[in-house]
Amino acid sequence: NLPTLQVQLLDIAMLTMAALVIGAESLWYPFGRDQGIHATIAFAMSHGQIPYLDTYNVKPPLTTLFHWLSQAFFGSSVQAIRLFDLLISAVTITLLYRLSLVLYHNRLGALCTGLFFGLLYYGENYWQTAQTDGWTSLFVVSSLLTLVSGSRNDSRKRKAKMLLAGSLLGLAVLLKYTIIVIALPM
């Protein structure tokens with residue numbers, strides 16, 4: 001049996017707090033090479049320049065959009081992308097918790113899944129955090145959760161959920177082209 005909604009919300013609050021505590025150190029990390037490049041492109045966007053036309057960009061479009069959003073929400077600073085990364089990881093941890101609950105019906109396992117993701121993700125150094133590689137997890141986990149929940153619906157809802165799951169994987173590819181390697185088998 002799944003825990004009650006109230007218990008799930010409490011679990012999600014605890015996991016979000018854990019993600020923020022585990023990842024707080026990253027707020028003092030310097031820019032890595034990629035963060036500096038994309039912060040510059042995002043800054044140029046906020047001044048009317050168009051990526052791929054006015055500013056050189058070799059990465060997929062959502063990478064630049066995420067950096068632009070981080071500056072729009074948190075200002076033009078080194079911490080902006082790190083704060084945005086904390087939000088993305090907290091949401092990913094929540095989705096992993098929910099996916100684990102749906103698959104295994106085990107509250108402790110679901111809590112551990114979310115917690116271990118945060119520990120592994122922020123256990124790396126500044127070169128590995130606030131990167132598209134980690135952000136793709138948001139869309140891949142969302143897609144898996146949609147696939148699993150869609151398999152339990154009637155035919156019409158299932159088709160809509162399968163379309164949504166595929167679209168979420170498409171967004172992951174727009175963050176990191178190489179994600180197509182795992183997207184195709186899914």
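Condition check ((1) closer than 19 Å to G23 by Cα; (2) open to solvent by less than 40 Å² (accessible area, probe 1.4 Å); (3) in contact (Cβ under 8 Å) with a residue 40 or more places away in the chain) across all residues:
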position	(1), (2), (3)
G48	no, no, no
P60	no, yes, yes
T63	no, yes, yes
L87	yes, no, no
A90	yes, yes, yes
L96	yes, yes, yes
L108	no, no, no
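Number of residues in the range 16-43 that are surrounded by 18 or more Cβ atoms within 10 Å (Cβ to Cβ) and either free of Cβ contacts under 8 Å to residues at least 24 places away in the same chain or closer than 26 Å to N57 by Cα (or both) equals 8.
Which residues, counting only those in the range 154-186, are assigned to a loop (DSSP other than H, G, I, E, B) and over 16 Å from the mean Cα position of the chain (by Cα)? Hits for the range 154-186 are D154, L184, P185, M186.
Among the residues making up the range 67-85, a single one is of a type in the set (F, W, Y), touching a residue at least 12 places away in the same chain (Cβ under 8 Å) and more than 16 Å from G23 (Cβ to Cβ): W68. Exactly one residue out of Q79, Q71 is open to solvent by 40 Å² or more (accessible area, probe 1.4 Å) and closer than 21 Å to G134 by Cβ, and it is Q79.
The values are calculated or read from the model by the stated rules, or taken from the named source; none is laboratory data. Here the structure is a predicted model, which means the values were calculated and not measured. Neighbour counts run over all protein chains shown; Cβ positions are idealised from the backbone, glycine included. The area values use the complete protein model at the heavy-atom level, side chains included, leaving out ligands, DNA and RNA. Shrake-Rupley method; radii C 1.70, N 1.55, O 1.52, S 1.80 Å.
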